[in-house]
Amino acid sequence: PMINVTVLLLDKMLATSATLPTELLVAANTQARALRCKKKQHKPFSITFASMDGEAVSTQSGLKLSADCSIQQAPQADIIYLPALWRNPEPTLRTNSKAIPWLKSQSQKGSLLAGVGTSCWFLAEAGLLEGLPATTHWYYFDQFQKRYPNVLLKRNHFITQAGNIYCTGSVNSLADLTVQFIRRYFNDTIASHVERHFFHEIRRAYDSSHAFLESNSAHPDEDIVQTQLWLQLNYSIE
């Protein structure tokens, strides 16, 4: 058995929003094999790149990313990553509207959806953030709030979580979230190993001023914030 991860590819996306979390997950797989983790909870990540039509996409930098399949052909995902978009996301929403019902369906089937920056607009457009906390790229806060007045926009948080929906404000925040996913599906040792190898600097992934958990506003005590996050990520795991 695998942990199925689908990375959505869209034209004019930022390549790092797909490549960085993918590299973190692959590193986790490698380290798990090195430690010979064979327990049930240590299922490896299987990563699928899916575009709207199964064709390659051209990123904002001109780098082309190949897709394994279309979104309709992608396996049922445990985690879906939505890529960061460049500039105003509204045109991308219109040209990729078929992603909306797919995201709704995947969410209903239990997939964790992780948006970054302006791709969080897809989650709001799908109605998955109604009455729930969310964040997006800081430059589009006002535009987002005007378009989605029922979403609880958290301007002072880089990461929000509401059930199985995660929003991050930057690619760095998405990397922090990915480390938490690694911690959830593997363990602290592997997550810490990956984090140390990719991020030499000291990182506080869920700093109390930057993370917002659905069930509680940010607590002033960092240890409590970390505990809250761990409980929400792991409460359903046997």
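Observations on the structure shown:
- Spin-label model, S97/T189: points 7 Å from Cα along the beta carbon direction are separated by 5.2 nm.
- The charge dipole of the range 124-184, taken about the Cα centre with unit charges on the Cβ atoms of Lys, Arg (+1) and Asp, Glu (-1), comes to about 120 debye, rounded to the nearest 20.
- The range 5-81 - percent of accessible surface contributed by carbon and sulfur, probe 1.4 Å: 50 percent
- Of the peptides 52-60, 154-162, 78-86, the ranking by mean beta-carbon count within 10 Å, highest at the top, reads 78-86, 154-162, 52-60.
- Size of charge dipole - the range 56-124 - debye, nearest 20, with Cβ of Lys, Arg +1 and Asp, Glu -1, no other charges: 160 debye
- Positive-pole candidate from Q72, G62, W121, dipole of the range 45-124, charges at beta carbon: W121
- Treating r as the C-beta distance of S70 and W138 and R0 as 25 Å, the FRET efficiency rounds to 0.20.
- On a per residue basis, the range 1-52 carries 48 Å² of accessible surface, using protein heavy atoms and a 1.4 Å probe.
The values are calculated or read from the model by the stated rules, or taken from the named source; none is laboratory data. Fair warning: this is a prediction, and the values are worked out from it, not measured in the lab. Neighbour counts are summed over all protein chains in view; Cβ atoms, including those assigned to glycine, are modelled from backbone coordinates with ideal geometry. For accessibility, only protein heavy atoms count, side chains too; no ligands or nucleic acids. Shrake-Rupley method; radii C 1.70, N 1.55, O 1.52, S 1.80 Å.
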